[in-house]
Structures are given as C-alpha cells and as structure tokens.
1. Looking at the range 30-129, what % of its DSSP beta bridges pair antiparallel, to the nearest 5?
2. Assuming R0 = 25 Å, what is the FRET efficiency of E358 and R48, from their Cβ-Cβ distance, to the nearest 0.05?
3. Pairs K223/K496; K183/K331; K187/K335; K25/K109: which are spaced more than 26 Å apart, C-alpha to C-alpha?
4. Where nothing but the Cβ of Lys and Arg (+1) and of Asp and Glu (-1) is charged, how large is the charge dipole of the range 51-204 around its Cα centre, in debye to the nearest 20?
5. Taking Cα atoms, how many degrees apart are the long axis of helix 14-26 and the longest axis of the chain, rounded to 10 and kept between 0 and 90?
6. Please state the charge dipole magnitude for the range 225-371, taken about the Cα centre, from unit charges on C-beta atoms (+1 on K and R, -1 on D and E), reported in debye and rounded to the nearest 20.
7. Between M473 and residues 5 or more places away or on another chain, which pairs have amide H atoms under 5 Å apart, with H built 1.01 Å from N, and which residues are they?
8. Projected onto the charge dipole of the range 408-456 (+1 at Lys/Arg Cβ, -1 at Asp/Glu Cβ, origin at the Cα centre), which of M449, T425, A409 gives the Cα projection farthest towards the positive end?
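Bear in mind that the values in this text are calculations on the coordinates, not laboratory data. Bear in mind that the values here come from a model prediction, so they are computed numbers and not experimental data. So basically every Cβ, Gly included, is an ideal-geometry build from the backbone, and we count neighbours across all protein chains shown.
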Amino acid sequence: MALPLRALIVEDSEDDAVLLVRELKRGGFDVEHMRVDSSATMNVALDRRCWDIVISDYSMPGFSGAEALKILRARTSEVPFIYVSGTLGEDTAVAALKSGAQDYLVKGKLGRLVPAIERELRDVETRRERQRLETQIHQLRRFEAIGRLAGGIAHDFNNLIGAILGFAELGQEELADDHPTRKRLQKICEQAKRAGALTHQLLAFARRQVIQPRNLDINTVIKETISLLGRLIGEHIRIEPVLSDDLAPAWADGTQVEQVIMNLCLNARDAMPQGGRITIRTRNFVIRPGDAVPQIYYRAGNYVLVTIADTGIGMNQETLEHIFEPFFTTKEVGKGTGLGLPTVYGIVKQHGGIVDVESKLGVGTEFRVYLPIGSGAPEASEKKTEPVVTRGSETILVAEDNDGLRELAKEVLESLGYHVLLAATGDEALEIFAPGHKSIDLALLDIIMPETGGPAALEKMLAIKPSLRAIFMTGYTAEMEAERLMGEMGVPILRKPYSSQELAQSVRSVLDEAR
Ligand code: ADP
Ligand code: MG
C-alpha cells in the first residue's frame with residue numbers, strides 16, 4: 001500500500017521537481033506535492049495545508065534554501081527539511097544542518113532520498129509520541145496534586161456541611177408548620193445539600209469516593225440512565241443506544257457508572273443546542289500488553305468499552321487539553337461548574353479504567369470509557385426499599401471526633417427514641433464499650449479518628465461481642481480501604497454529609513437486619 005506523503009518542494013526548476021516526485025513515487029509514496037520558488041509562494045503553501053516534509057534546493061534565483069528553512073522554522077519545528085542540491089560543499093552542508101535542516105542530498109544521487117525521508121518521518125512520529133506521553137505524565141502529576149488538595153479539604157468540609165444540614169433539619173422539626181423561620185431553615189438545608197454535592201464531586205475527582213463495585217450489566221445501567229435523561233434532554237436530541245448483546249459484566253459501582261454516563265450525555269446535550277444525536281455504544285474490548293492505547297495509565301486486560309458520541313460543536317485543541325481539570329468550563333457563569341468531566345475522570349480511574357476523548361470542531365465529540373470486566377454473572381441491581389419506621393429504643397454508641405456531628409447524631413437519634421452513648425475518639429469508645437457492651441446494640445463509628453480509627457476500634461469490640469452491629473461513617477476514604485472494609489468486615493458505610501433521614505434509615509435497617 002502506498003504511503004501518503006505531502007511534500008512541499010522548494011525548487012526553481014520544474015524538471016528537477018518532477019524528478020524528485022518520480023523518485024518518491026518509485027519509493028512507494030503516494031505523493032501530493034506543490035512547488036514553490038519564492039517566500040511569497042512558500043508562505044501561501046504553508047498557510048494552505050500541513051506538510052509532512054519540505055525538500056529544498058540550496059540556491060535559486062530570487063530565493064534560497066536558507067530563507068525557506070527560516071520561514072519554515074518560524075512556524076514549526078516539527079516538519080523535517082531536507083536539502084537536495086546540485087552544488088553542496090562540505091562546509092555549506094555542515095552549516096545547513098546546524099541551521100536546522102535534517103539532511104542534505106546531492107541531485108545526481110537521489111538513491112538516498114527515500115530512505116532519508118522514511119527515517120525523518122519515523123523520527124517525527126517518535127518525537128510526537130514522546131511529547132504526547134510527556135504531556136500526559138505532566139497532567140497526571142498535576143491531577144494527583146490537585147486531587148490530594150481537594151480530598152483533604154473535602155473531608156473537613158463534609159463534616160462542617162453535615163453539622164449545618166443536621167442542625168437546620170432539627171430546627172425545622174422543632175418549629176410549627178407555619179412558622180416563618182421554617183422557610184429560612186429549609187433554604188439552609190437546600191444550600192447545604194448543594195455544598196455537599198459539590199464536595200462529593202471533588203471527592204470523586206480525587207478518587208476518594210466510597211465505591212461499591214460488583215458484577216454489573218452496563219447495558220442495563222445505560223437503559224436506566226437513558227430513561228432518567230429523558231426529562232433533562234429535550235425532544236431536539238435523539239439518544240441512540242447500540243448495545244452489544246454478548247457484553248461481559250463490568251466490575252463497577254452502578255450509581256457511579258450512571259453518573260459517568262449522565263455527565264457525558266449532559267455535556268453532549270449542551271454541545272448540540274440546535275439538536276442532534278447521541279449514540280451510546282457498548283462492546284467487549286481487549287487491551288494487550290504493548291497495545292497503543294491513548295492513555296498511559298492503562299493495564300492490559302479485558303474491558304467493557306462504552307462510547308458516547310455526539311454530533312455537536314466539538315472542541316479545539318486548547319479546550320481538549322483542559323477538559324478534565326476541575327472548574328474548567330467554557331459555559332456561561334451559572335451554566336457550567338467545570339466538575340462534570342473531572343468527576344468522570346476520577347470515577348473511571350478509581351475503577352481501574354480509562355477515559356479518552358476524540359473531538360472535531362463542527363463535527364462532534366466521542367468519549368470512550370473502558371471499565372475492567374468482572375467475573376461471573378451480573379448481579380441484579382438491588383433497589384433498596386427504604387424502611388418507613390425509623391424509630392427505635394436500642395442503645396447506640398456513636399464515636400465521632402467532630403463535635404458538631406457528634407452532638408447532632410445524638411440529638412437526631414434520641415429524638416427517634418434511641419438511647420445514645422457518645423465518644424470523641426476510638427479509645428474513648430472502647431472505654432465505654434468494654435463495661436457496657438451487653439446493652440449496646442449498634443456502634444456508629446467514624447472511619448478516621450485520631451489514634452484509634454473506626455475499623456480498629458470495631459475489631460476490638462467484635463472480639464468482645466461478636467454479634468455487635470456497626471456502621472462506618474466517612475466523608476472520604478482511600479480506595480482500597482473502603483472495599484476492604486465493606487468486603488471483609490461486611491460493614492455498611494454512611495456517607496457524610498448525611499441527612500437526619502439517611503442516618504435514621506441506615507441505623508434502622510442495620511438493626512433490623514440483625515434480627
Ligand atoms: P461543564 O459542563 O460544567 O462546563 P465539564 O467538566 O462537564 O464542565 O466539561 C468541561 C468543558 O468541556 C465544557 O465546558 C466544554 O467546553 C467541554 N466539553 C465537554 N463535553 C463536550 C462535548 N461533548 N462537546 C463539546 N465540548 C465538550
Ligand atoms: Mg458538564
């Protein structure tokens with residue numbers, strides 16, 4: 001198969017140019033060329049298209065190879081420049097190479113032309129590849145740094161927001177239905193919930209979300225997400241699922257995958273104000289060691305590939321370079337948060353997957369999400385039926401180092417009839433538990449506390465009382481930690497900030513399970 005080659009030939013003699021082109025075609029290139037012999041025509045040619053190579057005579061009437069090289073290098077350092085000249089002394093040759101040309105050949109001996117060009121094209125490819133990798137490494141490092149910062153802040157924020165939300169909720173309940181201050185407290189709750197949602201997106205980006213992966217049928221998740229999207233996406237946009245019917249299950253958290261698909265589809269919607277089509281495809285995909293995959297952080301293995309393509313406005317290079325950064329948005333104030341794609345990035349990476357994008361201005365954009373496959377049959381998605389009755393009279397030990405949250409949990413649980421014991425650290429919890437364990441039915445433990453954290457405290461408590469029920473509370477967690485805790489210890493996790501309702505329900509359902 002002939003290799004396409006776009007050659008710009010700087011040459012005053014048409015005959016010599018024809019000779020060059022013939023030599024290139026003989027060498028197996030499918031040549032598209034243009035001949036120029038002045039700075040004006042050279043500039044026009046460079047404006048008009050991209051060139052793979054510039055082949056230039058050394059001296060011409062009214063123009064010179066040196067000038068041509070200068071014009072080219074002023075624009076790009078990427079395109080190789082080769083001299084082909086009738087008269088080229090050794091000194092001029094050396095000077096030519098020093099000034100940024102890649103090679104020089106003599107007109108009578110064109111045998112070296114094709115190998116020289118092949119070598120240059122390979123070099124260009126290698127340089128591009130290296131640059132691409134360097135850019136990615138640089139981006140990964142930056143993301144790690146931002147992620148650590150965001151994760152750290154979000155942890156403390158979650159506690160603060162949790163306390164604000166909880167006290168506002170309690171305050172509401174204490175007021176008569178028609179009390180004017182109720183509305184104010186309602187607003188505080190709404191705003192606190194929004195702040196909580198933001199911190200969760202940051203945590204997702206920082207890969208500190210609590211994820212609960214299992215064998216998941218991605219096609220089902222997609223169908224469910226599409227039905228949710230109906231209300232958010234207008235009639236002017238058609239969603240077209242093209243789902244593989246032998247798709248392997250992915251090892252993934254359904255809620256998180258739903259969020260990924262949702263964010264990508266909403267962006268696609270925003271990119272098609274005049275309407276268009278979103279195509280969602282699924283298929284099995286194998287990455288072998290050494291495969292050219294568009295992201296460096298991949299592992300060879302079996303994946304479920306989900307592509308989401310739109311027919312929207314597309315993105316330019318500049319935008320593409322920043323889309324996964326938190327708070328990067330091209331949308332008007334109030335329309336974009338710039339957290340959609342960072343969330344996608346964090347979720348996919350936390351799953352051990354890859355996310356990649358390809359976009360053409362005016363044509364559309366395609367996002368590709370690779371999720372590692374699971375093993376075994378997909379589990380049916382469990383739709384939790386929320387218990388209606390949340391009151392109880394059991395005894396609950398709450399260990400939480402944040403004063404506001406600790407007091408709040410006490411107030412909420414006591415208002416529901418429970419008997420509550422409080423501890424500010426894991427050690428304190430153990431001091432209370434050891435003598436009182438007979439009457440304690442449930443331990444509600446913060447995962448991260450000074451000295452003894454929740455998991456370590458629980459292990460000691462279980463040694464005393466194996467039938468103890470427990471719930472961990474956390475705003476964030478290291479990736480493996482959460483899976484280990486839930487997998488090995490079988491302890492459910494209550495995500496901060498939680499509402500009073502969520503606290504009440506998870507306490508009740510864990511206690512009921514015990515029976
Ligand atoms: P937001 O949607 O709040 O702006 P995102 O992180 O979801 O934040 O997206 C960041 C930016 O990426 C968008 O502002 C937009 O410029 C660009 N973008 C994302 N998806 C698409 C798409 N499908 N088509 C065109 N541009 C997109
Ligand atoms: Mg978005």
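1. Numbers: 2 of 9 bridges.
About 20 percent, rounded to the nearest 5.
2. On the way: r = 25 Å, r/R0 = 1.00.
Efficiency computed from Cβ-Cβ geometry: 0.50.
3. On the way: K223/K496 29 Å; K183/K331 32 Å; K187/K335 21 Å; K25/K109 16 Å.
Table pairs above 26 Å Cα-Cα are K223/K496; K183/K331.
4. Details: 22 positive and 21 negative charges, 53 e Å.
So the dipole magnitude of the range 51-204 works out to roughly 260 debye.
5. It is inclined by approximately 50 degrees.
6. Working: 13 positive and 16 negative charges, 20 e Å.
My answer is approximately 100 debye.
7. Here L445, D446, I447, L494 satisfy the definition.
8. A409
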